[in-house]
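The values are calculated or read from the model by the stated rules, or taken from the named source; none is laboratory data. As the structure is a computational prediction, the values presented were derived from the model and not from experiment. Here Cβ is always computed from backbone atoms with ideal geometry, including for glycine, and neighbour counts include all displayed protein chains. For the accessible areas, the whole protein counts, side chains as well, though only heavy atoms, and no ligand, DNA or RNA atoms are used. Shrake-Rupley method; radii C 1.70, N 1.55, O 1.52, S 1.80 Å.
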Amino acid sequence: MQHLPTTTMSAKEVQAAERVSTSAYSSPARSLGDPGITPLSPSHIIVRDSDPSASDEPTFSVVVAIDFGTTSSGYAYSFSKEPECIHIMRRWEGGDPGVSNQKTPTTILLMPDRKFHSFGFAARDFYHDLEPSESRHWLYFEKFKMKLHSSTDLTMETDLTAANGKKVKALEIFTYALQYFKEQALKELSDQAGMEMDNAEVRWVITVPAIWKQPAKQFMRQAAYKAGMATPENPEQLIIALEPEGASIYCRKLRLHQMMDLSTKAAVNGFGPTDPAKEHVRRNRQSRTFLVENVIGELWSELEEGDRYVVVDCGGGTVDLTVHQISLPEGHLKELYKASGGPHGSLGVDYEFEKLLCKIFGDDFIEQFKVKRPAAWVDLMIAFESRKRAAAPDRTNPLNITLPFSFIDYYKKFRGHSVEHALRKSNVDFVKWSSQGMLRMNPDAMNALFKPTVDHIIEHLKNLFQKPEVSGVKFLFLVGGFAESPLLQVAVQQAFGDQCRVIIPHDVGLTILKGAVLFGLDPAVIKVRRSPMTYGVGVLNRYVDGKHPPEKLLLKDGTRWCTDVFDKFILADQSVALGETVKRSYTPAKPSQLMIIINIYSCEQDEVNFITDSGVKKSGTLRLDLSGSESSPVLNRREIQTIMQFGDTEIKATAVDIATSKSVKVNIDFLN
């Protein structure tokens, strides 16, 4: 192994060298603030913990998981002394006809002075009951989680827009929501335990889509810190869990009576017509406690070492696809292909309905109505939601959607003619007007609203099934709230039923929540993940003619250096074991240097060579202060070891001065 020369330069020397070299050789390294560290040797050490679960894992008396969804949210918990009992939160006040209220809508209401007022059904109902003139001053938010997925430049300053058009910092809204869940859960736990439950005894788990970019995952952690769930000094108290992983962990436990195999029976809203499980599930719902047997489920016992399966998590906002492989005897899970998917959740059906209304009544009217009568718009979408759930492939009778009185009234004022007139004039022949004040949609019209979203999901799955890592998949688990839709179930079964068995757990909307609790009890169950990005640091290397571009050349005392080299620790889509650390050794500018600055970079591609390449972002800085170590013998070549730890849902980096054992840690920062 050839060691690089020990000659390195301080930042001042680098700048001096640049001044004497020609302008063609000026280096962007100065503007990036990279103070020329160079690899001590081309070492690349990967260390795997022999048993990551045996590390100094803090113990908590209870795990509370929060499924923070786009359309609805909920929490569940389990005491570590009885991990087989998962308790789903108490029933929510309010609720909608025809819709199960095991979760509450992800809606939040702030008072006109921007202080928190209420969350969920309570927020929606209070907002609905306000006088229109008054409601304009209140700030109502719904479906706001999608902002974290859709923002290309998410920061701590990103805004959300309320129904009345006013803007509030997204971090404030997410913090209020998590504070609400924290208070609700602690109150319920205290009632259960018969004594005040302290936050320090709780391990919190918050679920996020696996396809979210790193900034969004970090944003969620920052909001949780602000909500007082954990602190940066005690980060282990909070786990950011990936939604399809939670589902995968729960599906391992499924018994035959807790799921439906689409290849063997026709489904109606997730249940076969004569389903022996129905009574069992109903009993469970009353007690709101689910027993998870401490065994591998029957379905799982059919799996052999190396078998693969796909989890398709269909939520309100996103669809998340994850491919897992089983490793026996413990039944640990290994991620085979990095999570993929997109914004193809059930919200897409709502957008199609909105487009239909625009076609009938005009874009200008719908836009005005949403702003001037925001509470009535919410009402209309609630009415649509319950009819949306009644859509099915074999339905023959029409679906009626009640139009709020203020819609009919405001339209008349706006256009000067009636809603009925608008329907007659529009070219939409499959939507009729009923004299009871309803839109009558024939079943084909409703199914057409689902088609673009369902097509997106099928298309994405088809692309996934063509990947070599996904060949020979045994099962496809369909989970998430949107998986309750018979239209989606039938489409998936028709497209993939001949390639694998399509399985839907009962209470499919709670699958992720229950799995997240199990994950909090045993975070080491996922043994191997795929790195979503390429990570590394910026260094100086010896300049090689023909290999390095001339503009990166830096002359120093006759030695030629290449600046801005991206020294990669791990590549995008590389397989990473839980607790896996990558170590590299560098030497600082000169032994007497008192501050070592190592910048960490990330990129979604792996074909990158320089930190100035397109798509490379600075994601963290390690500042190692060596002052106070002057008494230690000055070494000819000081070794600074940089360590990155992967395999968890978040990445940590450490720099250690080998001579003094001084170290500094940083969580990679994607938001600033």
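Quick notes
- The range 97-165, relative contact order in percent, only Cα pairs under 8 angstrom and at least six apart counted: 29
- Across the range 171-179, rounded Karplus estimates of 3J(HN,Hα) from the backbone phi angles (6.51 cos²θ - 1.76 cosθ + 1.60, θ = phi - 60°) give 4, 5, 5, 5, 5, 4, 5, 5, 4 Hz, Gly and Pro being marked x.
- Whichever lysines have a C-alpha closer than 22 Å to that of residue 547, once near sequence neighbours (fewer than 8 apart) are set aside: 556, 568
- Dipole magnitude for the range 496-543: about 320 debye, using +1 per Lys or Arg Cβ and -1 per Asp or Glu Cβ, origin at the Cα centre.
- Residue by residue, the range 544-556 carries 3J(HN,Hα) couplings of 10, 4, x, 9, 9, x, x, 5, 9, 6, 10, 9, 8 Hz when phi is fed to the Karplus relation 6.51 cos²θ - 1.76 cosθ + 1.60 (θ = phi - 60°); x denotes Gly or Pro.
- For a straight C-alpha distance cut-off of 30 angstrom, the lysines reachable from residue 412 (same-chain residues fewer than eight places away being disregarded) are 143, 166, 355, 359, 370, 372, 388, 425, 432.
- Over the range 558-619, accessible surface divided per residue gives 36 Å², non-protein components excluded, 1.4 Å probe.
- Tensor-based shape of the range 513-552 (alpha-carbon gyration tensor, a/c under 1.5 rounded, otherwise prolate or oblate): prolate
- Cα-based shape type of the range 98-154, given that a ≥ b ≥ c are square roots of the gyration tensor eigenvalues and the cut on a/c is 1.5: oblate
- Shape of the range 339-444, Cα gyration tensor, a/c cut at 1.5: oblate
- By the Kirkwood approach, averaging reciprocal distances over each pair of separate Cα atoms, the range 453-582 gets a hydrodynamic radius of 19.4 Å.
- Around residue 166: net Lys/Arg minus Asp/Glu count, Cβ-Cβ under 11 Å: +2
- Remark: the range 438-489 carries a charge dipole of roughly 60 debye about the Cα centre, counting +1 on each Lys and Arg Cβ and -1 on each Asp and Glu Cβ.
- Dipole magnitude for the range 177-266: about 480 debye, using +1 per Lys or Arg Cβ and -1 per Asp or Glu Cβ, origin at the Cα centre.
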